[in-house]
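Nothing in this text is a laboratory measurement; each read-out follows from the coordinates by a stated rule. Keep in mind it's a predicted model, so treat the numbers as computed, not measured. When we count neighbours, we look across all protein chains shown, and the Cβ atoms used for this are built from the backbone with ideal geometry, even at glycine.
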Amino acid sequence: MRRGFAGRGLIGAIVAASLLAPASAAAITYAPVDQPGPPLTVPKEKLNASLDCPRSLAGASRAPVLLVPGTGSNPQHNFSWNWEPALDALGIPWCAVTLPDNALGDIQIAGEYVVNAIRTMHQQAGRRISIVGHSQGGMIPRWALRFWPDTRAMVDDQIGLAPSNHGTTGADPLCTFSCAAADWQQRDISNFITALNSYQETFPGISYTEIYSHFDEIVTPNSNDMGSSSLHGGGGLITNEAIQDICPADPSEHLAIGTQDNVAYDLAVDALEHPGPADPARAQASDPGICTPLELMPGINPMTYPANLASSAADLAANTAAAKQINAEPPLACYVTASCPQSKGYKRR
């Protein structure tokens, strides 16, 4: 979801392809979870160009990580100054996907980029991959897993940092008249969110670590594990954890949890380095200084940190201002339904 740059007080700046549409949302019978996914409509060369892998994944000795940015952002400003160097230091190979329109367009189209990224990385590495995403980037991989079932066997860990898994109440007033497509779709009452969570929220064989903040001002509510970010049921292994459940005085809000928070980092890395989702007790034991006040996650250069954060804030503001505004949520794609015809580009494989 659109993020504020409180950055623990350093910067305050909260910014605040038609597909076949099915019948009204109330009448939808959603696609069964085992219904084969549709062919991708975005040209393959465009999908491939969106995926940046700085090093070869061939022969990877551990699961490579796919980094997925949040609404209004991109890998350069979301991850280049924090998670990318942190993963390098851990010896974990990674790739980052750039979503169209800085993740402000139709999330259904952006989902195709994630599907292609999962398939490509899995093929190149010859093993299952893990995913770390911030905000929308923590939620959109679940769209891929829900409607392209072949990707489920390719993913080991799905890690969300303040993910908008159930949308946000904050987008409802934002979209009273018009807003970007991705903002419409991340309303807690959107057709997109209802489709995303239809039938089951997780899938067996995948570990889900959903990390959130009680101080999140963008993805709301998140006061407990029944909030937007948390997941329940479906057969996947799940950890839902608020950073304040480990460090009650941690002030991190929506931006900080995905870009600099040390508790979120420890939880995510614990999931990456062990079978199953994060174990909060194990993460705490591995880092005695986990609750050190204002501790930055590894990977961040303290000398360039203020400039990096300011640059990210400026980029988010510019991207948000330039985003196309529409007056209604994009229609759901035909493949979301059980009755999608086997024609017009959606023929079942």
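Descriptive notes on the structure:
- Tallying residues that are closer than 17 Å to Leu316 by Cβ, of a type in the set (Gly, Ala, Ser) and assigned to a helix (DSSP H, G or I) within region 119-144 yields 2.
- Of everything in region 94-118 that is among the small types (Gly, Ala, Ser) and not in a helix (DSSP H, G or I), the residue that is farthest from Pro54 (Cα to Cα) is Gly105.
- Any chance Leu87 is surrounded by 21 or more Cβ atoms within 10 Å (Cβ to Cβ) and under 20 Å from Asn319 (Cα atoms): no
- Single residue of Ser198, Ser229, Ser252 found to be within 20 Å of Asp106 (Cβ to Cβ) and either outside any strand (DSSP E or B) or not acidic (Asp, Glu) (or both): Ser198
- Per-region count, region 136-182, residues acidic (Asp, Glu) and within 14 Å of the chain's Cα centre (by Cα): 1
- Sole residue being β-branched (Val, Ile, Thr), closer than 22 Å to Pro75 by Cα and in contact with an Asp or Glu (Cβ under 8 Å, 6 or more places away or on another chain), chosen from Thr209, Thr239: Thr209
- Residue list for region 295-322, filter: surrounded by fewer than 12 Cβ atoms within 10 Å (Cβ to Cβ) and not in a helix (DSSP H, G or I): Pro302, Met303, Thr304
- Failed condition for Tyr199, given (1) surrounded by 18 or more Cβ atoms within 10 Å (Cβ to Cβ); (2) more than 30 Å from Pro251 (Cα to Cα): (1)
- Members of region 41-65 that are under 19 Å from the mean Cα position of the chain (by Cα), under 18 Å from Val132 (Cα atoms) and buried (at least 17 other Cβ atoms within 10 Å of the Cβ): Ser50, Leu51, Cys53, Ala63, Pro64, Val65
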